[in-house]
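Engineer: First, the structure itself, so that you have it in front of you.
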Amino acid sequence: MMNWIYFVREALIGLWRARTSTLLTVLTIGVSVYLLGGFLLLSENLSHLGDEWTRQATVQIFLEDGTTEKTRQTIEADLAADPGVFSFRYRSHQEALETFSRVFDSLSDLPDSLGDNPFPASYEVALRGEDQGRSTLQSHLERWRQFEGVEGAQADIAWLDSLRNIARGVQTAGIGLGLLLAASALFTVINVISLAAHLRRDEIEIMQLVGATATWIAGPYWVEGAVQGLLGGATGLMFLKFSLWGVEWAQAQGPVFLSFSGTLSFLTPGATAGLLIVSTLMGFAGSVFAVRHFLRLSA
Amino acid sequence: MIQLTHATKAYRHDVAALSDISLSIEKGEFVYLTGSSGAGKTTLLRLLFRDQVPTEGQIWVDGQNLVRIPAWRIPFLRRRIGIVFQDFRLLERRTVFENITFVQRFLGTSIREQKEKALRVLKTVGLAHKMHAFPPELSGGEQQRVAIARAVINEPALLLADEPTGNLDSALSYEILDLFRDINNRGTTVLIATHDTDLLEHLPRRVLTLERGRLVDDRRPTPLPLML
């Protein structure tokens, strides 16, 4: 216990004495954690966004021309009995045409030039929350495509798959970049601690002469490295939080296409704690390497 | 206490700093190691506190073979040895108290006991009133006395001193020498490396003389004639 009090006290004195290099190390680690955390945050939010939009997606069941009333009743009975279906609505030939003309005003004369109304009648089906996952949606589509009188069934989820792929890409790129930055941060810690040990080499030599063990000499440097890592991690996460607030503020002020503020969320407590632990371990590992190397050279 | 058998220390290009040294120093002895600059005095002391390893021969200190001692045992060996240098080697950013109790701290000695021990050794060297001063605030003689206090606070079996009076005037040198005598009287083996012949006359004791890395003389003081 006394050892740790000594280590912490000496480490804090050492950090304060070398304020500039301490700040440099903390910022270097902070930038790595900020970027790594930023990529994780982005990929996590893109993934959540994909999930949310999947849940909001409706399924279109297109009917063949000339579907009889009896066939429709059969389909509607099946949809009503399906526990996964939250609601459904029939959209006739005519209604589909009117919707097209309303949404694409400038193309409203296109159906006339094509002759017959080209828009099929359809059902617009909304699924229940628990049944809106990607695999459930696929199995519903497969089943409904088999119905008599049904020409096809589709949900616009292909682009949501693309969104998920982008999220995964962002995550992979983030981890790759984060590892590179972590290596550079580790290199900085090693150099800063080596420099600190070099500046105190006379003191270290005296400690060795009076019988201090390697642990006793290295302990304060280990704590210094760990504290730098922890402070760097906390700084990176703090700026990440500020950045998220900035984005949310911009959404509130900005154009409608950015209005998905409800889906933005910070890293999970587990990921936050994980980044802090990783940055602390990085500082600790860097100092262990630096001091071991220094003591080996000075032995 | 100390046993050297054909100890040789050669550096690069086979330049021998010490050649074939064999000697023995008993527990409780007071011994001078003398010789001109470059004779090998410092090298011999460095071999004794295992700062260096002999290229040939064997060295035993306080029952331990220094050629075979594992690295992790060296700090424990050094806690049994007090070392005093010509340039004092004090931690300048620490007080006198912190300097001399440094070893005590990592031995886990309580603060109260550290204070008691510090006060006792500082009284011995006459510096009890400077306990909270920093080394740069002290004179050369005072700094050397702090270094001696640091060396003896742990009650070492062996005290090694490398030119301990080299930076001091004659009067202070004799004071320091008297301190070493007092420490020796309490049972600690003392080995002082010096080229100052005045010291040898002030306190006559066994003298080992090195010349170009070889032990050329081992002289014990002639006992005083019995006065009838």
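Engineer: What percent of all Cα-Cα pairs in the protein assembly as shown falls into each 20 Å bin, going from 0 up to the bin containing the maximum distance?
Structural biologist: With 20 Å bins starting at 0, P(r) equals 17, 31, 19, 14, 11, 7, 1, 0.
Engineer: What spacing in nm lies between the two simple spin-label points modelled at A:Thr20 and B:Arg12, each 7 Å away from Cα in the Cβ direction?
Structural biologist: Output for this residue pair reads 3.4 nm.
Engineer: Please get the size of the charge dipole for region B:88-155, origin at its Cα centre, with Cβ charges of +1 on Lys and Arg and -1 on Asp and Glu, quoted in debye to the nearest 20. It would help to have the intermediate numbers written out before the result.
Structural biologist: Details: 12 positive and 7 negative charges, 16 e Å.
It works out to roughly 80 debye.
Engineer: Could you tell me what percent of the DSSP beta bridges with both partners in chain B are antiparallel, to the nearest 5? All intermediate terms of the calculation are to be shown ahead of the outcome.
Structural biologist: Numbers: 18 of 37 bridges.
The answer is about 50 percent antiparallel.
Engineer: Here's a follow-up. How much net charge surrounds B:Arg73 when only the other residues with a Cβ under 13 Å from the Cβ of B:Arg73 are counted, with Lys and Arg +1 and Asp and Glu -1? List each step's numbers first, then the result.
Structural biologist: Values: positive: B:Arg50, B:Arg68, B:Arg78, B:Arg79, B:Arg80; negative: B:Asp62.
The answer is +4.
Engineer: Something else: Using θ = phi - 60° and the Karplus form 6.51 cos²θ - 1.76 cosθ + 1.60, what ³J(HN,Hα) does each residue of region A:284-289 get, whole Hz, x for Gly and Pro?
Structural biologist: Once θ is set to phi - 60°, the couplings for region A:284-289 become 5, 4, x, 6, 4, 4 Hz.
Engineer: Over the Cα atoms of region B:169-209, what is the Rg over Rh ratio if Rh follows Kirkwood?
Structural biologist: Details: Rg = 10.1 Å, Rh = 10.8 Å.
Value, to two decimals: 0.94.
Engineer: Taking Cα pairs under 8 Å and at least six residues apart, what relative contact order does region B:88-155 come out at, in percent? Could the numbers behind the result be given before it?
Structural biologist: Values: 68 pairs, mean separation 34.1, N = 68.
RCO, region B:88-155: 50 percent.
Engineer: Just the C-alpha atoms of chain A: what Rg/Rh do they give, with Rh taken as the Kirkwood radius? It would help to have the intermediate numbers written out before the result.
Structural biologist: On the way: Rg = 31.0 Å, Rh = 24.3 Å.
That ratio equals 1.28.
Engineer: Using only the Cα atoms of region B:88-155, each taken as one equal point scatterer with no solvent, compute I(q) by the Debye sum, divide by I(0), and report log10 of the ratio at q = 0.20, 0.24 Å⁻¹.
Structural biologist: Listed by q, the Debye log ratios stand at -0.68, -0.99.
Engineer: Sticking with this structure for a sec: I need the calculated FRET efficiency for the pair B:Lys27 and A:Ala183, taking r as the beta carbon distance and R₀ as 56 Å, to the nearest 0.05. Walk me through the numbers before you get to the answer.
Structural biologist: Details: r = 56 Å, r/R0 = 0.99.
The formula returns an efficiency of 0.50 here.
Engineer: Let me ask something additional. Within 10 Å of each Cβ of B:49-55, how many other protein chain Cβ atoms are there on average?
Structural biologist: For this peptide, the per-residue mean of nearby foreign Cβ atoms is 1.
Engineer: Next question, about the same structure. Given the DSSP H assignment, sum -39500 (n - 2.57) over each helix run of at least 4 residues in the protein assembly as shown and divide by its residue total; what's the result at 222 nm in deg cm²/dmol, nearest 500?
Structural biologist: Working: 17 runs with 289 residues, N = 527.
Dividing the helical sum by the residues of the protein assembly as shown leaves -18500 deg cm²/dmol.
Engineer: Let me ask you something else. With the cut-off at 1.5 for a/c, could you classify region A:58-155 from its C-alpha gyration tensor as rounded, prolate or oblate? Don't skip to the end; give the middle numbers.
Structural biologist: Details: a/c = 2.39, a/b = 1.65, b/c = 1.45.
It is prolate, given that a/c is not under 1.5 and a/b is the larger ratio.
Engineer: Right, another one. Going Cα to Cα from B:Lys123, which lysines come in below 19 Å? Please leave out same-chain ones fewer than 8 positions away.
Structural biologist: Straight-distance partners of B:Lys123: B:Lys115.
Engineer: Next question, about the same structure. Could you state the number of Å between the C-alpha centres of region A:15-53 and region B:137-201?
Structural biologist: 57
Engineer: Which residue fluctuates most in the GNM of chain A (Cα springs below 10 Å): A:Ser162, A:Ser135, A:Ser47?
Structural biologist: The residue that fluctuates most here is A:Ser135.
Engineer: Another one. By how many degrees, between 0 and 90 and to the nearest 10, does the Cα long axis of helix A:19-56 differ from the longest principal axis of chain A?
Structural biologist: Helix A:19-56 and the main axis of chain A meet at about 20 degrees.
Engineer: Nearest 5 percent is fine: what portion of the DSSP beta bridges confined to the protein assembly as shown is antiparallel? List each step's numbers first, then the result.
Structural biologist: Values: 32 of 51 bridges.
So the antiparallel bridges in the protein assembly as shown amount to around 65 percent.
Engineer: Would you mind calculating the relative contact order of region B:1-74 from Cα pairs under 8 angstrom and at least 6 residues apart, reporting the percent as a whole number? Spell out each step's value before the answer.
Structural biologist: Numbers: 113 pairs, mean separation 27.2, N = 74.
37 percent.
Engineer: Another question, then. Measure off 7 Å from each Cα along the Cα-to-Cβ vector at A:Gln154 and A:Glu142, then give the distance between these two points in nanometres to one decimal.
Structural biologist: 2.0
Engineer: What FRET efficiency comes out for B:His132 versus B:Asp182 if R0 is 22 angstrom and r is the Cβ-Cβ distance? Round to the nearest 0.05. The partial results should precede the final answer.
Structural biologist: Values: r = 25 Å, r/R0 = 1.12.
So the FRET efficiency works out to roughly 0.35.
Engineer: Would you mind giving the mean number of other chain beta-carbons within 10 Å of the Cβ of each residue in A:198-210, as a whole number?
Structural biologist: Working: counts 0, 0, 2, 0, 3, 5, 0, 2, 10, 5, 4, 9, 17.
Mean shielding by partner chains, rounded to a whole number: 4.
Engineer: Within the set of other residues whose C-beta is less than 9 Å from the C-beta of B:Val207, count the net charge using Lys and Arg as +1 and Asp and Glu as -1. Mind dumping the intermediate values first?
Structural biologist: On the way: positive: B:Arg205, B:Arg206, B:Arg219, B:Arg220; negative: B:Asp217, B:Asp218.
Residues near B:Val207 contribute +2 overall.
Engineer: Report ³J(HN,Hα) in whole Hz for each residue of region A:186-196, in order, from the Karplus equation J = 6.51 cos²θ - 1.76 cosθ + 1.60 where θ = phi - 60°; Gly and Pro get x.
Structural biologist: So the Karplus estimates, Gly and Pro as x, are 4, 4, 5, 4, 4, 5, 5, 5, 4, 5, 4 Hz.
Engineer: Using DSSP loop states and a limit of at most 14 other Cβ atoms within 10 Å to flag GluC sites (Glu not before Pro), what is the longest stretch of chain A containing no flagged site?
Structural biologist: On the way: sites that count: A:Glu64, A:Glu148.
It works out to A:149-299.
Engineer: Which lysines does B:Lys27 reach when only Cα atoms under 21 Å apart count, and residues fewer than 8 places away in its own chain are ignored?
Structural biologist: By straight Cα distance, B:Lys27 reaches B:Lys41.
Engineer: Separation between the A:Arg292 and A:Ile175 pseudo-spin-labels, each 7 Å from Cα along Cα→Cβ, expressed in nm?
Structural biologist: Distance between the two pseudo-spin positions: 2.6 nm.
Engineer: Rank A:Phe86, A:Phe100, A:Phe266 by mean-square fluctuation in a GNM of chain A with C-alpha springs under 10 angstrom and give only the top-ranked residue.
Structural biologist: Between A:Phe86, A:Phe100, A:Phe266, it is A:Phe100 that shows the largest mean-square fluctuation.
Engineer: Could you go through region B:73-88 in sequence order and give the Karplus-derived ³J(HN,Hα) for each residue, using 6.51 cos²θ - 1.76 cosθ + 1.60 with θ = phi - 60°, rounded to whole Hz, and x for Gly and Pro?
Structural biologist: 8, 4, x, 5, 4, 5, 6, 8, 10, x, 10, 10, 10, 4, 9, 6
Engineer: Averaged over every viewing direction, what's the projected area of the C-alpha convex hull for chain B? Give it in nm², one decimal, please. Write down the numbers at each step before the final one.
Structural biologist: On the way: hull surface 56.2 nm².
The number I arrive at for chain B is 14.1 nm².
Engineer: I would also like to ask the following. Please compute the contact order of chain A in relative form: average sequence separation of alpha-carbon pairs under 8 Å and at least six residues apart, divided by the residue count, as a percent. List each step's numbers first, then the result.
Structural biologist: Working: 366 pairs, mean separation 99.4, N = 299.
Averaging sequence separation for qualifying contacts and normalising by length gives 33 percent for chain A.
Readers should treat all values here as calculations from the given coordinates under stated rules, not as data from a laboratory. Here the structure is a predicted model, which means the values were calculated and not measured. All Cβ positions, glycine included, derive from the backbone under ideal geometry; neighbour counts span all protein chains shown.
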